[in-house]
Amino acid sequence: MTTKKLLPLSILLILFFSFTFSSFSQSGKLTISGKVIDDDMGVPLEYATVSITKPSDPNFIDGGVTDLEGNFSIAVNPGTYNILVEYISFESKSFNNRQVTSNVNLGTIVLGMSAAALGEVVVVAETTEVEVRLDKKIYNIGKDLTTAGGTVADALNNVPSVSVDIDGGISLRGNDNVRILINGKPSAMAGFGSTDVLAQLPAEAIERVEVITSPSARYDAEGSAGILNIILRKEKTLGFNGSVTGTLGYPDNAGLSANVNLRTDKFNIFNTTGFRYFDAPGQNWSDTRYRSRPNAAGELIEPEFDRIFEEREVSRLNRNFNTNLGLEYYLNDQSSLTASIFYRYGQDEDVTTNNSERFKNNILAEQTLRREWESEEDNRYQFALNYINRLGEKGHQLTADFQVGKSVEVTSGFINEDVVFNIDNQTTRFLQEQIDSNQDNTEYLLQADYVLPIGEDSQFEAGYRGDFENTVTDYELRTDPTTPGVYEVNLGLSNVFDYTENVNALYTQYGSKFGKFSYLLGLRLENTQLKGKIDSRLSDAELVEEFGFPIDTDFDNNYLGLFPTVNLIYELGERENITVGYNRRINRPRGWFINPFPSRSSRTNVFQGNPNLRPAFANAFDIGYLKRWDKLTFTSSVYYQLEEDSFERIEEFTGAVTPGDEIPITRTIPVNLSTNQRIGAEAGVLYNPAKWLRLNGSFNFFQFETEGEFNGRDYGAKNTSWFGRFSSKVSLPAKIEWQTNAFYMGPSDNVQGRREGMFSIDLALSKDILNDNATLSFNVRDLLNSRKMRSLTSTQFFDRESEFQWRQRSFTVSLVYRFNQQKREQERRNRQNNNMEDDNGGEFQG
């Protein structure tokens with residue numbers, strides 16, 4: 001589906017349903033009609049609810065909603081009825097025991113703002129709120145000014161326990177093996193396992209984030225750190241409503257997005273569409289000092305250069321369009337069918353310049369300039385179908401899901417390098433490189449869940465999920481080894497990798513509550529198939545010579561595992577509880593971790609997958625405590641995890657050198673080390689001491705210890721680190737809001753080095769305008785320009801100090817315009833409650 005076709009489709013669907021909704025008089029029936037208006041402005045209230053019941057029959061209910069002019073007309077049989085007219089945040093008006101023997105016109109019905117709404121001037125979701133369930137914490141995202149005009153990745157960085165590093169990697173409690181779900185399922189929106197797309201979707205699309213550190217059996221066992229479930233907005237309020245957001249910023253940043261929703265008593269259409277153009281200029285440097293290295297005969301030789309200093313500047317021009325269009329149709333009072341289509345088109349162009357200074361005995365011997373051009377075109381789409389049938393009593397339901405997604409990434413690059421200075425006036429010709437990579441990904445999902453309430457406080461649940469994913473990567477590298485400009489295919493690096501991951505799972509769980517104690521016990525059975533075929537022009541012997549270890553070019557590995565879960569909660573009081581959780585998890589290697597053909601970040605550094613990599617299994621324990629006061633909420637937990645066969649990235653000397661200048665080539669390869677123990681504690685505070693001041697802080701401390709060896713070398717390490725964040729929000733006169741976010745990531749050690757601490761501050765100001773229907777915001781991300789990762793890597797043959805900054809300090813102005821959206825707290829609560837019922841319907845609450 002093309003971008004041009006999709007935009008009119010979403011508009012036509014919304015216009016079609018909005019203009020075809022009306023009430024018709026039926027033959028032989030009478031009508032109840034009228035008009036509903038606002039007593040303050042005298043304007044019609046479109047999509048006000050009119051409910052009609054019979055005093056003599058409690059099971060009878062009928063009704064409708066008002067049209068764009070506030071009018072309604074409902075066909076009924078002759079009889080006696082109670083009529084109730086409602087509009088969110090307004091006082092309702094009732095007409096009881098009305099005898100309908102002929103057509104009834106109630107005239108103009110005037111509704112005034114409710115006393116509760118008039119007395120409550122808190123803006124919708126003004127603060128981030130937390131709810132604790134048996135297996136998760138739910139953060140209802142507040143009105144975060146610092147992410148206005150930002151992305152989903154920006155919003156996640158403000159959720160307790162979650163951190164997003166400078167190149168977009170997401171971690172939970174310091175562990176980057178986290179599973180990302182969208183609306184409870186794997187999704188093309190989450191990049192089919194990567195997190196790239198989250199840096200493109202607008203932050204305004206998020207309704208809430210579920211931090212699931214002790215997942216129940218209903219969730220996929222993938223992700224040893226846990227699960228982040230991102231729930232997107234889907235308005236439950238009747239009527240046509242939504243918002244439009246425009247963004248401008250420096251460095252170049254321009255975007256336009258819209259969230260629209262049309263809800264009637266029979267269907268709900270929702271759409272999020274956005275376009276973004278931005279430049280993400282970054283920079284980094286590295287200072288590498290080389291020691292003696294072995295030659296082919298095993299003899300130590302001195303390096304051609306004993307020190308190389310590299311300084312890089314990167315320009316990343318990104319243009320992307322994304323849209324998510326869905327239709328929820330209510331088949332009857334018990335069942336509904338939802339269909340949605342997600343589409344994204346992205347076009348990126350990166351230009352990197354690398355100035356390299358090479359020293360010998362502390363004297364500059366050579367200077368080169370390397371230029372890299374890379375372009376990427378990314379098309380991905382997903383179709384999803386969901387069916388829900390609520391089988392009578394509350395909580396008894398059956399759901400079924402089908403999902404198919406596809407992504408195609410086409411990447412091309414060109415690299416050349418020239419000598420700027422040489423102390424001996426020697427001329428060195430570096431090989432030019434042309435790179436073409438095509439990646440085709442297809443994913444299917446089938447899921448069914450059944451929930452059966454047992455009595456008042458117990459619930460049984462069972463289900464099936466199948467994830468079927470195939471990725472074909474065609475990588476070709478061409479160089480000009482003999483004649484400049486005449487390219488030949490590099491057989492050692494070019495290949496086609498066909499990778500399949502199939503996961504079939506069955507689960508069952510049972511939860512119950514008695515008194516102040518609740519529990520949820522579950523068991524999940526998963527079969528994982530990791531299947532790959534490598535098409536290379538090299539023989540098996542040549543592959544061993546090229547990569548240094550035997551490579552299985554056609555493998556099919558199956559792993560069967562049982563994953564028990566235990567979640568307990570004890571209520572010490574109405575606002576105080578303790579939770580205990582245990583679960584077993586799996587960490588499956590992704591395709592690029594298995595593909596042995598290297599991808600290169602430079603001529604001297606390559607990343608090489610390991611086809612011998614096995615899944616890692618972890619056992620995790622968690623104890624949590626929550627206490628609420630009137631103005632303060634405190635959450636805390638301690639946790640322990642033991643992971644077997646954990647992945648670690650090892651950097652080592654390949655034995656090869658670059659042609660011409662003979663610089664050692666190093667590779668980074670993931671391997672299964674022995675064990676990884678992780679222990680930690682976290683605490684969070686939400687404090688609202690006054691209406692004009694809101695404070696939010698969290699702290700996470702963790703320690704992990706790795707034991708294992710690779711190629712005869714001990715890579716055991718012990719590391720202690722922490723991160724903390726603080727946010728304050730102040731309401732100033734003239735409806736101006738001021739927010740400050742601060743984040744600090746403490747230093748940490750790994751198996752081959754150390755990463756230094758990192759501190760950053762974001763500032764934002766906003767003001768409501770146009771009768772509070774619009775909000776103008778200005779924010780500065782990384783005020784001190786300090787969001788930089790500094791690290792030290794030490795191996796047997798070199799030491800490297802480096803600094804990396806993905807994007808420099810940025811300034812953004814955004815304008816959000818809302819239409820037909822009530823900003824009162826009452827509506828927020830109603831919408832929140834409806835969402836909890838619809839999106840969590842089958843989940844035991846405890």
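The values are calculated or read from the model by the stated rules, or taken from the named source; none is laboratory data. Treat the numbers as computed from the prediction; the structure is a model and nothing was measured. Glycine also receives a Cβ, built like all others from the backbone with ideal geometry; neighbour counts cover every protein chain displayed.
Structure notes:
- Conditions (1) more than 26 Å from Thr338 (Cβ to Cβ); (2) part of a strand (DSSP E or B); (3) not acidic (Asp, Glu): number failed by Thr427: (2)
- Flag if Asp265 is more than 23 Å from the chain's Cα centre (by Cα) and either of a type in the set (D, E, K, R) or not assigned by TED's automatic domain parsing to the domain that holds Phe797 (or both): yes
- Criterion (of a type in the set (Val, Ile, Thr), more than 30 Å from Leu337 (Cα to Cα) and touching a residue at least 40 places away in the same chain (Cβ under 8 Å)) met by exactly one of Ile388, Ile363: Ile363
- Residue list for segment 430-453, filter: in a strand (DSSP E or B) and either without any contact (Cβ under 8 Å) to a residue 40 or more places away in the chain or farther than 30 Å from His396 by Cβ (or both): Glu433, Gln434, Ile435, Asp436, Ser437, Asn438, Gln439, Asp440, Asn441, Thr442, Glu443
- Subset tally (residues that are farther than 24 Å from Leu172 by Cβ and surrounded by 18 or more Cβ atoms within 10 Å (Cβ to Cβ)) for segment 716-738: 2
- Leading residue by the ranking (surrounded by the most Cβ atoms within 10 Å (Cβ to Cβ)) among those in segment 778-803 that are basic (Lys, Arg) and assigned to a strand (DSSP E or B): Arg781
- Condition check for Thr775: within 30 Å of Val244 (Cα to Cα), of a type in the set (Val, Ile, Thr), part of a strand (DSSP E or B) and more than 24 Å from the chain's Cα centre (by Cα): yes
- Any hit, segment 651-667, residues being free of Cβ contacts under 8 Å to residues at least 40 places away in the same chain and acidic (Asp, Glu): no
- For Tyr487, the conditions (1) surrounded by fewer than 20 Cβ atoms within 10 Å (Cβ to Cβ); (2) more than 30 Å from Leu431 (Cα to Cα); (3) of a type outside the set (A, V, I, L, M, F, W, C) are fulfilled apart from (2).
- Of residues in segment 504-517 being modelled with pLDDT under 95 and among the hydrophobic types (A, V, I, L, M, F, W, C), the one surrounded by the most Cβ atoms within 10 Å (Cβ to Cβ): Phe517
- Take the conditions (1) in contact with a strand residue (DSSP E or B) (Cβ under 7 Å, 6 or more places away or on another chain); (2) within 29 Å of Lys631 (Cβ to Cβ); Pro733 misses just one of them, which is (1).
- Residue match in segment 32-39 (condition: at pLDDT 90 or above and either hydrophobic (A, V, I, L, M, F, W, C) or not in a strand (DSSP E or B) (or both)): yes
- Residue in segment 280-295 that is surrounded by fewer than 18 Cβ atoms within 10 Å (Cβ to Cβ) and free of Cβ contacts under 8 Å to residues at least 40 places away in the same chain present: yes
- Residue in segment 402-423 that is in a strand (DSSP E or B), touching an Asp or Glu at 6+ places or on another chain (Cβ under 7 Å) and within 24 Å of Ser512 (Cβ to Cβ) present: no
- Meets criteria (in the same structural domain as Glu469 (by TED's automatic domain parsing), under 24 Å from Val472 (Cα atoms) and in a strand (DSSP E or B)) for Tyr582: no
- Sole exception among (1) surrounded by fewer than 20 Cβ atoms within 10 Å (Cβ to Cβ); (2) touching a Gly at 6+ places or on another chain (Cβ under 9 Å); (3) within 30 Å of Gly515 (Cα to Cα) for Tyr570, by number: (2)
- Residue list for segment 668-692, filter: aliphatic (A, V, I, L, M) and touching a strand residue (DSSP E or B) at 6+ places or on another chain (Cβ under 6 Å): Ile669, Val671, Leu673, Ile679, Ala681, Ala683, Val685, Leu686
- Checked against the criterion of being on the phi > 0 side of the Ramachandran plot and not hydroxyl-bearing (Ser, Thr, Tyr), the candidates Gly515, Gly522 yield just one match: Gly515.
- Flag for Ser731 being in contact (Cβ under 8 Å) with a residue 12 or more places away in the chain and out of contact with any Phe, Trp or Tyr (no Cβ under 6 Å at 6 or more places or on another chain): no
- Note on segment 273-368: enclosed strands (runs of 3 or more DSSP E) holding 2 or more residues that are within 30 Å of Ser243 (Cβ to Cβ) and either of a type in the set (Lys, Arg) or in contact with a Cys (Cβ under 7 Å, 6 or more places away or on another chain) (or both) are 307-330.
Here is a yes/no grid of residues against (1) within 25 Å of the chain's Cα centre (by Cα); (2) over 24 Å from Thr352 (Cβ atoms):
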site	(1), (2)
Gln403	yes, yes
Lys406	yes, yes
Thr411	yes, no
Glu433	no, no
Leu445	yes, yes
Ala462	no, yes
Thr471	yes, yes
Asp474	no, no
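- Qualifying positions in segment 279-313 - hydrophobic (A, V, I, L, M, F, W, C), at pLDDT below 90 and either within 30 Å of Thr352 (Cα to Cα) or within 23 Å of the chain's Cα centre (by Cα) (or both): Ala280, Phe305
- Residue match in segment 482-505 (condition: in a helix (DSSP H, G or I) and touching a residue at least 24 places away in the same chain (Cβ under 8 Å)): no
- Restricting the first member to segment 750-778 and to residues that are within 25 Å of Gln805 (Cβ to Cβ), and the second to residues that are among the small types (Gly, Ala, Ser) and assigned to a loop (DSSP other than H, G, I, E, B), the beta-carbon pairs closer than 6 Å and six or more apart or on different chains are Gly757/Gly746; Phe759/Ser786; Ser760/Ser786; Ser777/Ala148.
- Any hit, segment 459-468, residues being surrounded by fewer than 15 Cβ atoms within 10 Å (Cβ to Cβ), hydrophobic (A, V, I, L, M, F, W, C) and over 27 Å from Arg537 (Cα atoms): no
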